[in-house]
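The values are calculated or read from the model by the stated rules, or taken from the named source; none is laboratory data. What you see is a predicted model, and the numbers here were worked out from it, not measured in a lab. In this analysis, Cβ positions are derived from the backbone assuming ideal geometry, glycine residues included, and neighbour counts consider all displayed protein chains. Accessible surface is based on the protein model in full, side chains and every heavy atom, while ligands, DNA and RNA are left aside. Shrake-Rupley method; radii C 1.70, N 1.55, O 1.52, S 1.80 Å.
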Amino acid sequence: MTAVNSNLLKNIPDQLPEELFECLFKRDNIQIERIVSQGHMTPAGQWYDQDWDEWVILLQGQATLLYEKDRQTFHLNAGDYLLIPAHTRHRVEWTPPGLHTVWLAVHLH
């Protein structure tokens with residue numbers, strides 16, 4: 001394996017017409033990605049429903065996530081993390097438009 005040295009809070013475009021998804025590491029049953037939002041949210045009526053667990057931590061910014069089943073809302077600030085179990089339908093309800101919200105997502109396949 002080749003050594004990689006980078007910074008999760010660097011090289012972020014000033015304007016993001018769409019959320020930025022970057023795969024940082026992938027092997028067998030794990031994938032780690034950086035996600036950058038800037039006022040993005042899940043489109044109305046759309047829910048994420050994944051076959052795997054996902055652990056996310058907010059490194060910068062703020063976000064609100066919603067679980068469909070029990071309508072539970074999670075407001076995340078920098079440093080907050082959340083485990084989203086497989087097949088938990090969820091969506092991003094809000095990220096602040098004037099701020100880069102940086103997530104680290106770990107997908108456990």
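Quick notes
- The simple spin-label model puts a point 7 Å past each Cα toward its Cβ; for Tyr48 and Asp28 those points are separated by 2.4 nm.
- Accessible surface of Asp14 - all protein chains present, 1.4 Å probe, nearest 10 Å²: 120 Å²
- When the solvent-accessible area of the chain is split by element, carbon and sulfur atoms take up 52 percent of it, the probe being 1.4 Å.
- Pairwise inverse Cα distances across the chain, averaged and inverted, put the Kirkwood hydrodynamic radius at 14.5 Å.
- The gain in end-to-end length when the Leu104 to Lys69 segment is fully stretched comes to 10.2 nm, 0.36 nm per residue minus the alpha carbon separation.
- Counting only protein heavy atoms and a 1.4 Å probe, the chain has 62 square angstrom of accessible area per residue.
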